[in-house]
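Accompanying notes for the structure given below.
The values are calculated or read from the model by the stated rules, or taken from the named source; none is laboratory data. Just so you know, these numbers come straight off a predicted model, no measurement behind them. Every residue, glycine among them, receives a Cβ derived from its backbone with ideal geometry; neighbour counts consider all protein chains shown. Note: areas computed on protein heavy atoms with side chains; ligands, DNA, RNA excluded. Shrake-Rupley method; radii C 1.70, N 1.55, O 1.52, S 1.80 Å.
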Amino acid sequence: GLSLQPLSFPPQPSPVPPSFQLDYEENCFRKDGAPFRYISGSIHYARVPQSAWRDRLLKMYLSGLSAVQVYIPWNYHEPLPGVYDFTGNRDVEAFLDLTADLGLLVILRPGPYICAEWEMGGLPAWLLWKPDIVLRSSDPAYLAAVDSWLHVLLPKIKPRLYQHGGNIISVQVENEYGSYYACDYGYLRHLLGSFRALLGTEVLLFTTDSARAEDLRCGTLQGLYATVDFGPDSNVTEAFDAQRWVEPKGPLVNSEYYTGWLDYWGEAHASTSSALVAQGLEEMLQLGASINMYMFHGGTNFAYWSGADFKNQYKPVTTSYDYDAPLSEAGDPTEKLFAIRTVISKFQPLPAGPMPPATPKYAYGWVALQKYADLLDVLDVLCPFGPIQSQFPLTFEAIKQTHGFVLYRTQLSRDVLDPAMLSAPPHSVCDRGYVMLRKEYQGTLQRDGQTALRVMGKAGDTLDVLLENMGRISFGANISDFKGLLGNLSLDSSPLSKWLMYPLAIDTAVQQGWPHAAQPKSSSQNRAGPAFYTGTFETPGIAWDTFVKFPGWGKGQMWINGFNLGRYWPGRGPQQTLFVPGSVLHVGRPNNITVLELEGAPTTPLLLFLDQPLFNRTFSRST
């Protein structure tokens with residue numbers, strides 16, 4: 001019979017697994033073996049509404065970027081120890097899927113500390129439940145929390161690494177650690193071990209520090225590729241010489257080329273000229289450097305997420321994180337974007353297709369609000385479990401309140417018939433205290449400002465101080481930023497005692513529809529001090545992005561349909577409007593506005609919705 005020979009085929013070359021590596025001979029990256037350099041831009045998913053992620057990433061792709069650089073804020077995902085949230089706007093995997101769909105590579109910066117002008121630099125405030133913890137160090141309590149987080153996060157990242165067929169080409173360990181006082185190499189070594197154990201030996205790990213020698217000394221470690229960050233004001237040659245001092249060979253990398261800068265409350269609006277940014281970019285690209293632009297799209301510090309710097313004093317960051325970036329806060333292409341795109345086109349081909357135009361905005365106009373209630377009259381709703389008692393005031397952290405507000409209450413122990421000084425030790429009011437006596441607003445105590453007020457009253461009168469957390473320090477201090485009353489108040493130097501502390505769950509109530517379903521309280525109409533205002537408006541059949549202005553209002557927090565838009569403070573500036581994404585608005589039914597005004601609303605409480613932002617109006621520090 002016939003003997004059937006098995007068919008034999010010539011051996012196929014096995015496909016080369018994807019690789020992304022450092023080349024110390026040619027001083028470049030190698031992607032799948034070929035020399036590679038990236039042009040990247042920073043975008044933070046936590047600062048952009050989820051429904052806008054694709055739009056912003058598409059505009060970044062069409063600007064000629066080959067990569068995006070992304071921070072992961074630990075505190076955004078682990079609100080309480082062992083409680084994790086990766087849903088909705090926190091769905092980092094969905095965000096990373098979108099980057100891959102659009103053909104963008106990713107440079108991932110998972111911290112654990114990220115700075116980013118974000119609340120506490122991304123570290124969870126619950127770390128401070130152990131008051132003597134040493135953050136960003138080899139403190140075992142800190143490392144234990146970090147490791148348990150990395151064991152949750154990094155397994156989600158590993159399959160998305162370039163080596164595994166994903167689009168993440170490199171991962172940054174910590175963030176500008178050299179600028180931190182601790183200079184703890186044991187900490188960096190521990191992180192290097194954890195990242196290697198959880199992500200494998202192939203992934204490219206790197207650090208970023210400023211181009212100052214002392215920062216590079218404390219921020220770099222053998223086994224982590226050292227990169228630098230600097231803006232258009234720096235001398236490019238000198239800055240890269242600093243990188244060469246610590247990495248004599250390998251690619252030149254600027255991990256944060258500043259396209260603009262952040263704003264602080266009470267200071268001028270930052271801006272950087274497009275020509276300057278474009279010129280610096282071109283100079284670096286001519287040297288063959290890889291560059292990430294920080295920010296390419298800044299976005300918004302919604303709710304309580306804005307951080308603060310510490311430079312001789314506490315400097316809280318504004319709600320807007322527009323950053324004077326190439327894509328504006330609302331995601332619109334700017335003159336700066338086109339200047340950058342022109343530079344990129346000299347070095348690599350741009351993707352086909354026009355840049356999408358600005359998203360449509362709508363000026364919904366004037367909306368009248370009415371006073372719902374003084375804050376002191378709704379404590380039953382805002383603090384359903386009642387107060388915590390203590391002889392002396394406790395911090396937010398001691399009573400496990402992360403964000404927002406805590407009301408501190410006590411009674412006068414004696415008659416004060418002549419004005420007496422109610423005072424706090426310096427820097428112990430963190431960050432602002434709104435003082436009421438017999439429910440009458442007396443004024444405000446401040447962290448670095450006024451720490452005393454004159455008051456009169458009778459024994460047994462109720463003294464209330466509403467404490468506001470304006471955002472924990474994210475950079476520049478060697479201290480843990482506890483919130484609330486860090487010291488006791490005294491009356492003509494005799495300490496007050498027997499305090500009640502009410503941790504306020506305002507967002508929980510507002511998200512459940514309060515107070516729109518409730519009847520207004522018959523509280524005094526014109527009393528100054530912390531109070532809630534409500535109103536509604538309808539959209540004309542469309543829900544377009546808008547900007548809300550606060551004419552004559554003091555300072556506070558605003559929600560639309562339960563979404564916390566962030567802090568407003570027009571009297572301090574420079575920011576005058578809050579960005580309202582169209583995705584939070586309803587079509588065909590009323591939009592519920594809730595405002596918590598802390599100091600005093602205008603006699604006729606009106607808001608004005610505009611089709612463009614106002615960033616640039618700063619008033620004196622005294623207001």
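Scanning the stretch 159-191 for residues that are crowded, with 18+ Cβ neighbours inside 10 Å and assigned to a helix (DSSP H, G or I) returns Arg160, Tyr162, Gln163, Tyr177, Gly178, Tyr187, Leu188, Leu191.
Highlighted here are the strands (runs of 3 or more DSSP E) found entirely within the stretch 1-59 that include at least 2 residues which are more than 25 Å from the chain's Cα centre (by Cα) and at pLDDT 95 or above: 20-23, 28-31, 34-36.
From Ser42, Ser63, Ser51, grab the single residue that is farther than 30 Å from Trp149 by Cβ, in the same structural domain as Leu281 (by the TED database) and small (Gly, Ala, Ser). Outline the logic, then answer.
Values: Ser42 fails: farther than 30 Å from Trp149 by Cβ; Ser51 fails: farther than 30 Å from Trp149 by Cβ.
Of the residues listed, the single one that is farther than 30 Å from Trp149 by Cβ, in the same structural domain as Leu281 (by the TED database) and small (Gly, Ala, Ser) is Ser63.
Residues that are open to solvent by less than 10 Å² (accessible area, probe 1.4 Å) and closer than 18 Å to Arg244 by Cα within the stretch 192-211 comprise Leu205, Phe206, Thr207, Thr208, Asp209, listed in sequence order. Within the stretch 143-155, the set of residues being over 20 Å from Val92 (Cα atoms) and either out of contact with any helix residue (DSSP H, G or I) (no Cβ under 7 Å at 6 or more places or on another chain) or in a loop (DSSP other than H, G, I, E, B) (or both) comprises just one member, Ala144.
Only a single item in (1) touching a residue at least 60 places away in the same chain (Cβ under 8 Å); (2) assigned to a loop (DSSP other than H, G, I, E, B); (3) more than 30 Å from Ala528 (Cβ to Cβ) is not met by Ala358, and it is number (1). Among the residues of the stretch 462-486, those identified as open to solvent by 20 Å² or more (accessible area, probe 1.4 Å) and not hydrophobic (A, V, I, L, M, F, W, C) are Thr462, Gly476, Asn478, Ser480.
For the stretch 158-179, does any single residue satisfy the condition of being more than 16 Å from Asp229 (Cα to Cα), of a type in the set (A, V, I, L, M, F, W, C) and free of Cβ contacts under 8 Å to residues at least 24 places away in the same chain? No. Filtering the stretch 19-45 to residues that are open to solvent by 10 Å² or more (accessible area, probe 1.4 Å) and in contact with a helix residue (DSSP H, G or I) (Cβ under 7 Å, 6 or more places away or on another chain) leaves only Ser19. Considering the stretch 566-610, the qualifying strands (runs of 3 or more DSSP E), each wholly inside and each with 1 or more residues that are surrounded by 22 or more Cβ atoms within 10 Å (Cβ to Cβ) and among the charged types (D, E, K, R), run over 591-597.
Among the residues of the stretch 351-398 satisfying the criterion of being aromatic (Phe, Trp, Tyr) and open to solvent by 60 Å² or more (accessible area, probe 1.4 Å), which is farthest from Asn592 (Cα to Cα)?
Residues of the stretch 351-398 aromatic (Phe, Trp, Tyr): 362, 364, 366, 372, 385, 392, 396.
Subsequent filtering for residues that are open to solvent by 60 Å² or more (accessible area, probe 1.4 Å) retains 362, 366, 385, 392.
Working: Tyr362: 17, Trp366: 14, Phe385: 26, Phe392: 39 Å.
Step by step, filter the stretch 351-398, then rank; the result is Phe392.
Of all residues assigned to the stretch 351-371, at least one qualifies as being among the polar types (S, T, N, Q) and touching an Asp or Glu at 6+ places or on another chain (Cβ under 9 Å). Within the stretch 290-302, identify whether any single residue is in a loop (DSSP other than H, G, I, E, B) and either touching a strand residue (DSSP E or B) at 6+ places or on another chain (Cβ under 7 Å) or in the same structural domain as Trp569 (by the TED database) (or both), and answer yes or no. Yes, the conditions are met somewhere in the stretch 290-302.
For Thr227, the test of being in contact with a Ser or Thr (Cβ under 8 Å, 6 or more places away or on another chain) and either part of a strand (DSSP E or B) or within 26 Å of Leu104 (Cα to Cα) (or both) is passed.
So that you can scan it fast, the table gives a plain yes or no per residue for (1) at pLDDT 95 or above; (2) over 21 Å from Ile506 (Cβ atoms):
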residue	(1), (2)
Pro574	yes, yes
Glu599	yes, no
Thr604	yes, yes
Gln612	yes, yes
Thr618	no, yes
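In this structure, does Gly541 turn out to be modelled with pLDDT under 95 and assigned to a loop (DSSP other than H, G, I, E, B)? Taking the combined requirement at face value, the residue satisfies it. Within the stretch 355-366, the presence of a residue that is more than 18 Å from Ser66 (Cα to Cα) and within 19 Å of the chain's Cα centre (by Cα) is excluded. The set of residues from the stretch 488-526 being more than 18 Å from His403 (Cα to Cα) and crowded, with 16+ Cβ neighbours inside 10 Å comprises Asn488, Leu489, Ser490, Leu491, Leu496, Trp499, Leu500, Trp514, Pro515, His516, Ser523.
Taking each residue of the stretch 229-254 that is free of Cβ contacts under 8 Å to residues at least 40 places away in the same chain and looking for partners that are among the basic types (Lys, Arg) with beta-carbon atoms closer than 8 Å, six or more apart or interchain, yields Ala242/Arg212.
If you check Leu422, Leu417 for being within 21 Å of Ser494 (Cβ to Cβ), at pLDDT 95 or above, not in a loop (DSSP other than H, G, I, E, B) and not basic (Lys, Arg), only one passes: Leu422.
Within the stretch 550-563, count every residue that is in a strand (DSSP E or B) and open to solvent by 10 Å² or more (accessible area, probe 1.4 Å).
Initially, the stretch 550-563 is screened for residues in a strand (DSSP E or B), giving 556-560, 563.
Filter again for open to solvent by 10 Å² or more (accessible area, probe 1.4 Å), leaving 563.
Number satisfying all stated conditions: 1.
Can you tell me which residue among Gln348, Gln401 is surrounded by fewer than 20 Cβ atoms within 10 Å (Cβ to Cβ) and assigned to a loop (DSSP other than H, G, I, E, B)? Quick ask: steps written out before the conclusion?
Details: Gln401 fails: surrounded by fewer than 20 Cβ atoms within 10 Å (Cβ to Cβ).
Unique residue meeting the criteria: Gln348.
Residue count for the stretch 308-345, restricted to those that are aromatic (Phe, Trp, Tyr), out of contact with any helix residue (DSSP H, G or I) (no Cβ under 8 Å at 6 or more places or on another chain) and surrounded by 19 or more Cβ atoms within 10 Å (Cβ to Cβ): 2. The residue list Ser255, Ser290, Ser274 contains one member that is open to solvent by less than 40 Å² (accessible area, probe 1.4 Å) and in contact with a helix residue (DSSP H, G or I) (Cβ under 6 Å, 6 or more places away or on another chain), which is Ser274.
Can you tell me which residues in the stretch 413-451 are open to solvent by less than 10 Å² (accessible area, probe 1.4 Å), over 23 Å from Pro124 (Cβ atoms) and not small (Gly, Ala, Ser)? Result: Val416, Leu422, Val429, Tyr434, Val435, Met436, Leu437, Leu445.
For residues in the stretch 444-460 being assigned to a strand (DSSP E or B) and touching a Lys or Arg at 6+ places or on another chain (Cβ under 9 Å), which is farthest from Arg527 (Cα to Cα)?
If we filter the stretch 444-460 for residues that are assigned to a strand (DSSP E or B), which is where we start, we get 444-446, 452-457.
With touching a Lys or Arg at 6+ places or on another chain (Cβ under 9 Å) added as a condition, the list becomes 444-446, 457.
Values: Thr444: 15, Leu445: 19, Gln446: 21, Gly457: 18 Å.
Once the filter is applied, the top-ranked residue is Gln446.
Just to be sure, is Pro131 open to solvent by 40 Å² or more (accessible area, probe 1.4 Å), in the same structural domain as Arg56 (by the TED database), touching a residue at least 40 places away in the same chain (Cβ under 8 Å) and more than 17 Å from the chain's Cα centre (by Cα)? For Pro131, the condition - open to solvent by 40 Å² or more (accessible area, probe 1.4 Å), in the same structural domain as Arg56 (by the TED database), touching a residue at least 40 places away in the same chain (Cβ under 8 Å) and more than 17 Å from the chain's Cα centre (by Cα) - is met. Across the stretch 487-531, the number of residues qualifying as part of a loop (DSSP other than H, G, I, E, B) and under 24 Å from the mean Cα position of the chain (by Cα) comes to 2.
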